[in-house]
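What follows is a short report on a single structure.
FYI, it's all coordinate maths here, none of it is from the lab. Computed from a predicted structure; not experimentally measured. Because the Cβ atoms are built from the backbone with ideal geometry, glycine has one as well, and the counts that use them run over all protein chains shown.
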Amino acid sequence: MDEMTSKEIFLSSLDRCTQSSEFIPTFYDRFVAASPEVKRKFARTDFAKQNKMLLRSLKLAAAATAGEPEGLREITERAESHDRHHLNIKSHLYELWLTALLDAARRFDNQWDTATEAAWNTILGHIIHRMTKFY
């Protein structure tokens, strides 16, 4: 049997996490509470819309790491919308984002292990690198 790729492990874990409708709201609760700066950035956010957008972006992030055109296009669009000329999301905020997302995933994935954590770090690390590169 072939070993699963980081993309496959990540998406399987994400599927387990999203079995609970509380996964993404829990992530945002942790992320917004992580810093006054994050709280300000999300002050006027429609979280129903934001939750759907995050889930779509996470799935496309995995596709981007595999070089899939739709995923790459999504990440490029997110990088542009988050750059210094638009939402002005500074690089240090991505570490808070990653920490909050990993904390939530650990809580909601009942099969979480070191391989799963490595897959999340691989996929999200790639995305963070891309986002900060275009800042």
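Worth pointing out:
- Simple Cβ-charge dipole of the range 20-99, Lys/Arg +1 and Asp/Glu -1, about Cα centre, in debye nearest 20: 280 debye
- Computed helical MRE - 222 nm, the chain, DSSP H runs ≥ 4 contributing -39500 (n - 2.57), nearest 500: -23500 deg cm²/dmol
- Most fluctuating residue given options Arg30, Arg16, Arg44, as computed from a GNM of the chain linking Cα atoms under 10 Å: Arg44
- Estimated dipole of the chain in Debye, rounded to 20 [Cβ of Lys and Arg +1, of Asp and Glu -1, Cα centre]: 700 debye
- Think of the range 35-135 as having a plus end and a minus end, set by charges on the Cβ of Lys, Arg, Asp and Glu; of His92, Val38, His129, Val38 sits farthest toward the positive end of this dipole.
- Over the chain, relative contact order from alpha-carbon pairs under 8 Å, at least 6 apart, %: 39 percent
- Projected-area average for the range 1-71 over all orientations - Cα convex hull basis, square nanometres: 6.1 nm²
- Structure-derived Cα extents along the principal axes in Å - corresponding label in [x] 47, 30, 24; [y] 48, 37, 30; [z] 48, 31, 27: [x]
- Prolate/oblate/rounded call for the range 68-112, Cα gyration tensor, a/c under 1.5 rounded: oblate
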